[in-house]
Amino acid sequence: MTSPPPFPVQCIDVPREKRRDEQLGSKAKFWFESAKDHWSLFKEGRENEDWAEKVGSEFARLLGLPCAEVDLAVCEGRRGIVSPSFLSKEDELIHGNQVLLSLDPSYPSGEGYHVHHHTLDAVFNALEELRVGAWPAAALPLPSELDGRDVFVGYLLLDALIGNSDRHHENWGVVKRADVRLLSPTYDHGSSLGRNEPERKMEERLRGNDRRFTVDVYASRCRSALYETSDASHPMSTRRAFELTLTRRPAAARHWLSNLRAVDDASVSGILDCIPEERCSPLHRRFARRILELNRHYLLALAPEAHV
């Protein structure tokens with residue numbers, strides 16, 4: 001069997017005077033006009049962050065989730081990703097912290113992480129009160145009855161699958177488009193798939209000689225940036241965040257689990273095999289594959305009746 005072709009890498013060559021720096025976030029990034037009246041973002045990644053973000057977006061597509069487009073890129077010798085804006089000219093993106101602040105003046109919108117008021121119920125209540133709808137474009141048709149809360153459930157399933165620990169309140173948002181509000185496509189999945197785990201620890205976890213230090217333990221402890229209650233001492237695990245949706249939005253949870261069940265092993269391996277060799281070591285690829293296997297098995301066991 002021939003190997004799939006690697007993901008393409010875009011070469012970004014934009015004069016500095018034509019770049020528009022993006023202030024949000026902690027990494028070097030800039031916007032540039034990739035076509036008339038259409039902008040794209042180049043974001044320099046930390047080590048292994050570029051392929052993790054690309055792989056995360058590919059799994060979002062497989063699941064049928066609205067997702068920002070992501071391609072691997074290089075600019076002036078620096079590795080990163082490039083992502084075209086999903087906003088139309090008149091759209092306004094309102095990040096989650098501002099959404100929650102608009103309904104609760106005491107919400108700590110200026111804090112970045114460890115925001116105890118960033119709970120699943122707070123997010124769902126806000127999306128309901130603002131009547132936020134589903135993004136109209138996705139890789140798979142979205143059932144018409146799904147609203148913004150239901151699509152957010154899908155984002156939580158994605159986070160649990162890939163181990164995305166970065167769903168903080170600026171990594172989701174609402175798009176105001178004329179007189180409607182839509183849940184934005186999911187974006188920013190670079191903190192996933194164990195991309196920052198040191199090689200020595202990956203090797204030890206994969207060997208599994210110590211039951212307390214395995215890939216399964218690593219995957220189960222992946223933290224979301226969402227809290228179960230505002231007085232909780234720690235954020236929930238990504239697995240727990242999705243588990244809660246089985247009681248909060250059960251029909252939506254079953255829908256996304258059904259989509260996950262339809263993703264076969266060959267598709268999972270195919271995505272990982274498409275990462276260019278110079279961007280991802282064999283050990284990181286093996287570790288990521290094991291995380292996906294374990295999380296997929298765990299999630300599907302939550303609702304065995306959620307068949308395609």
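Compute the Cα gyration tensor for the stretch 9-84, then decide on rounded, prolate or oblate, letting a ≥ b ≥ c be the square roots of its eigenvalues: rounded whenever a/c is under 1.5, prolate when a/b is larger than b/c in the other cases, and oblate in all that remain.
On the way: a/c = 1.87, a/b = 1.41, b/c = 1.33.
Prolate shape, in that a/c is at least 1.5 and a/b is the bigger ratio.
Length gained on full extension, Arg200 to His114: 28.1 nm, using 0.36 nm per residue less the C-alpha separation.
Spacing of the modelled spin labels on Ser230 and Ala137, each 7 Å from Cα toward Cβ, amounts to 3.8 nm. For the stretch 92-302, a simple Cβ point-charge model (Lys and Arg +1, Asp and Glu -1, everything else neutral) yields a dipole of about 580 debye relative to the Cα centre.
Quick one: among Ser106, Ser85, Ser57, which has the greatest mean-square fluctuation in a GNM of the chain with alpha-carbon springs under 10 angstrom? Sorting by GNM fluctuation, first place goes to Ser106. Nearest-5 percent of antiparallel DSSP beta bridges in the chain? Percent antiparallel among DSSP bridges in the chain is about 80. Put a plus charge on the Cβ of each Lys and Arg, a minus charge on the Cβ of each Asp and Glu, and nothing anywhere else: the dipole of the stretch 158-263 about its Cα centre is then about 300 debye. Simple spin-label estimate for Arg286 and Ser220 gives 2.3 nm between the two label positions (7 Å along the Cα-to-Cβ direction from each Cα). Under the simplified labelling scheme, the Ala251-Arg211 pair shows an inter-label distance of 4.3 nm, with each label point 7 Å from Cα along Cα→Cβ. Taking the Cβ-Cβ separation of Ser267 and Ser144 as r and a Förster radius of 25 Å, what is the calculated FRET efficiency to the nearest 0.05? E(calc), rounded to 0.05, equals 0.45. Normalised by the number of residues in the chain, the mean separation of alpha-carbon contacts (under 8 Å, six or more apart) gives a relative contact order of 21 percent. Please work out the FRET efficiency for the pair Lys18 and Glu277, using the Cβ-Cβ distance as r and a Förster radius of 45 Å; give the result to the nearest 0.05. E between Lys18 and Glu277, to the nearest 0.05, is 0.90. The alpha carbons of the chain give a radius of gyration and a Dmax of 18.9, 58 Å, in that order. Just checking the listed ones, Ser184, Ser224, Ser233: in the Gaussian network model of the chain with Cα springs under 10 Å, the one fluctuating most is Ser233.
If I take every Cα pair under 8 Å that is 6 or more residues apart in the stretch 225-308, average their sequence separation and divide by the length, what percent do I get for the relative contact order?
On the way: 42 pairs, mean separation 29.5, N = 84.
Dividing the mean separation by the residue count of the stretch 225-308 yields 35 percent.
Taking a Cβ cut-off of under 13 Å around Ala126, the surrounding Lys, Arg, Asp and Glu residues balance to a net charge of -2, with basic ones at +1 and acidic ones at -1.
Ordering Pro105, Ile291, Phe124 by the projection of their Cα atoms onto the charge dipole of the stretch 92-302, which places +1 on the Cβ of Lys and Arg and -1 on the Cβ of Asp and Glu, puts Ile291 at the extreme positive end.
Just from its helices, what would the mean residue ellipticity at 222 nm be for the chain, if runs of 4 or more DSSP H residues each count -39500 (n - 2.57) and the sum is divided by every residue, rounded to the nearest 500 deg cm²/dmol?
Details: 10 runs with 116 residues, N = 308.
Calculated from helices alone, the mean residue ellipticity at 222 nm is -11500 deg cm²/dmol.
Two tests apply to each whole DSSP H helix in the chain, Cα reach of 18 Å or more along its axis and mean Kyte-Doolittle hydropathy of at least 0.5, and the ones passing both are 148-162.
Taken together, the values in this text are just the output of simple stated rules run on the coordinates, not laboratory data. These figures come from a predicted structure and were not determined experimentally. Methodologically, a virtual Cβ is constructed for each residue, glycine included, from the backbone with ideal geometry; neighbour enumeration extends over all protein chains shown.
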